[in-house]
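Read the structure below first, then the notes.
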Amino acid sequence: MKKKAKNIVIWGLGSHAKNNLIPAILDSDQITLYGIFSRNSQTVSQISGEYKCSSWNDSNDMLADPLIDAIILSTPPGLHFDQGMKILASGKHLWCEKPLTTNLSETLQLINFSEKKNLAVCESLMYLYHPQFIELKKMIRKDHLGAISIIQANFCLPTLDNPGFRDNQSLGASCLMDVGIYPISLILSLFDNNSIEVVTSKIIINDELSYDVSGITHILIDSNINCFLNWSYDTAYTNEVNIWGTKNNLHSNRIFSKNKEYTPYFEMRDTNGNYSKTDLPSANHFKWMLDYFSKVIDSEEKINQQKSNILKLATILEKIKVN
């Protein structure tokens with residue numbers, strides 16, 4: 001018998017929620033857009049009317065609704081901790097945009113509180129659920145690249161017309177937590193059972209803005225795979241991973257962010273320099289991610305794995321901040 005779709009509420013209605021999350025939910029048969037909440041009453045009225053879903057004038061009224069299974073927190077990172085604690089206190093599962101919080105201490109508090117409440121916490125890193133990443137992980141596990149010596153991953157954003165929280169320190173502005181989290185999570189997710197060491201890192205802080213705007217880190221896997229990860233604001237758009245192995249070198253573009261129509265690919269060079277290209281299926285990685293989160297709710301093993309992944313990432317991010 002098919003399980004009933006989970007009732008999902010989106011808290012926060014910025015462009016990401018409107019352009020990515022709502023379409024993904026509407027395209028899913030695992031979850032239902034039960035409701036929306038935002039301080040912007042005009043946006044709430046427009047969207048709730050268009051999609052015939054619930055809305056509330058106060059967050060406490062929303063949190064009191066017993067029909068909600070999980071709440072997607074799509075607000076600025078600086079608000080995640082307090083709002084996340086309220087969501088868990090109300091007995092709802094928490095699905096949160098990355099980063100879960102802006103520091104390790106708050107992440108630990110949220111995870112510990114979720115344990116007491118027997119609730120799931122999921123951190124949204126959508127690219128991990130795309131066939132592009134899944135196939136890359138399979139290739140490494142099956143030794144298609146041979147012994148890997150170097151991994152380089154870069155994620156850089158150009159100057160944005162509407163940066164939103166990204167230029168507001170009180171809302172959690174941080175290039176590391178906004179952009180650097182992607183290449184760093186890539187390494188942890190590809191090598192989730194390996195030892196990870198932060199060798200060195202450099203975070204560039206804009207003194208006038210008082211938050212970090214770029215960074216680089218050198219991470220060592222099992223004492224023999226060197227990973228060089230770069231991230232930045234206000235540079236030409238870059239979104240790629242390069243891997244050097246004894247059998248093949250691999251390059252893949254748009255490993256982190258892409259639209260659902262994008263056809264990803266792997267470019268390979270073998271030991272003799274021969275070139276080959278493999279196309280991969282396009283997919284809506286937001287839908288795949290949210291469908292998976294709906295399964296997490298029903299599995300203690302998946303709940304524990306999600307929390308373990310969140311804590312590993314938060315711990316490494318903290319080490320990079322102070323290295």
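For Tyr211, the amide hydrogen comes within under 5 Å of the amide hydrogens of Asn206, counting only partners 5 or more places away or on other chains and with H modelled in the peptide plane. Sequence-distant contacts, meaning Cα pairs under 8 Å at least 6 residues apart, place the relative contact order of the chain at 18 percent.
Once backbone amide H atoms are built at 1.01 Å from N, Asn168 has Ala173 as its partners under 5 Å, excluding neighbours fewer than 5 places away on the same chain.
The HN-Hα couplings worked out from phi for region 276-291 by the Karplus form 6.51 cos²θ - 1.76 cosθ + 1.60 (θ = phi - 60°) are 8, 9, 10, 7, 10, x, 6, 6, 8, 5, 5, 5, 4, 5, 5, 4 Hz, whole numbers, x standing for Gly and Pro.
A straight Cα-to-Cα reach below 30 Å connects Lys319 with the lysines Lys86, Lys98, Lys116, Lys117, Lys137, Lys138, Lys202, Lys258, Lys302, Lys307, residues fewer than 8 places away in its own chain not being considered.
Centre-to-centre, using Cα atoms only, region 257-323 and region 58-72 are separated by 29 Å. Scalar couplings 3J(HN,Hα) for region 245-260, obtained by applying the Karplus form with A = 6.51, B = -1.76, C = 1.60 to θ = phi - 60°, are x, 6, 9, 8, 9, 10, 10, 9, 8, 6, 6, 9, 10, 6, 7, 5 Hz; x denotes Gly and Pro. Under the rule a/c < 1.5 gives rounded, and otherwise a/b versus b/c splits prolate from oblate, where does region 8-70 land using the Cα gyration tensor? In terms of gyration-tensor shape, oblate. Amide H contacts for Glu123 (H built 1.01 Å from N in the peptide plane; partners 5 or more residues away or on another chain; cut-off under 5 Å): Cys96.
Suppose all protein chains stay in the model; what accessible area per residue would a 1.4 Å probe give for region 26-164, in Å²? The partial results should precede the final answer.
On the way: 6270 Å² over 139 residues.
Result: 45 Å² per residue.
Using the Cβ-Cβ distance between Glu135 and Leu160 with R0 set to 35 Å, the FRET efficiency works out to roughly 0.70. Taking Cα atoms only, the orientation of helix 131-141 departs from the longest principal axis of the chain by about 50 degrees.
Rounded to the nearest 5, the antiparallel percentage of DSSP beta bridges internal to region 89-235 is 60%. Relative to the longest principal axis of the Cα atoms of the chain, helix 181-190 runs at roughly 70 degrees.
Taking 0.36 nm per residue of separation and subtracting the Cα-Cα distance, full extension of the segment from Glu240 to Ser299 would add 17.9 nm.
Using a/c under 1.5 as the rounded threshold, could you call region 1-137 rounded, prolate or oblate? The axes a ≥ b ≥ c are square roots of the C-alpha gyration tensor eigenvalues, and prolate needs a/b larger than b/c, oblate otherwise. Rounded is the answer for region 1-137, as its axis ratio a/c remains below 1.5.
Can you compute the equivalent ellipsoid semi-axes for the chain, i.e. the square root of 5 times each eigenvalue of the Cα gyration tensor, sorted largest first and rounded to whole Å?
33, 22, 20
3J(HN,Hα) couplings calculated from phi for region 163-173 with the Karplus curve 6.51 cos²θ - 1.76 cosθ + 1.60 (θ = phi - 60°) are, in sequence order, x, x, 5, 5, 10, 10, 4, 5, 9, x, 4 Hz; Gly and Pro show x. Can you work out the FRET efficiency for the pair Glu267 and Asn118, with r the C-beta to C-beta distance and R0 = 45 Å, to the nearest 0.05? Given R0 = 45 Å and the Cβ-Cβ separation, E is 0.50.
Quick one: grab the alpha carbon gyration tensor of region 229-323, order the square roots of its eigenvalues as a ≥ b ≥ c, and give me rounded if a/c is under 1.5, else prolate or oblate depending on whether a/b is larger than b/c. Cα axes put region 229-323 in the prolate bin.
The values are calculated or read from the model by the stated rules, or taken from the named source; none is laboratory data. Remember, predicted model here, so these are calculated numbers, not experimental data. So basically every Cβ, Gly included, is an ideal-geometry build from the backbone, and we count neighbours across all protein chains shown. Just the protein is used for accessible areas: all its heavy atoms, side chains included, with ligands, DNA and RNA removed. Shrake-Rupley method; radii C 1.70, N 1.55, O 1.52, S 1.80 Å.
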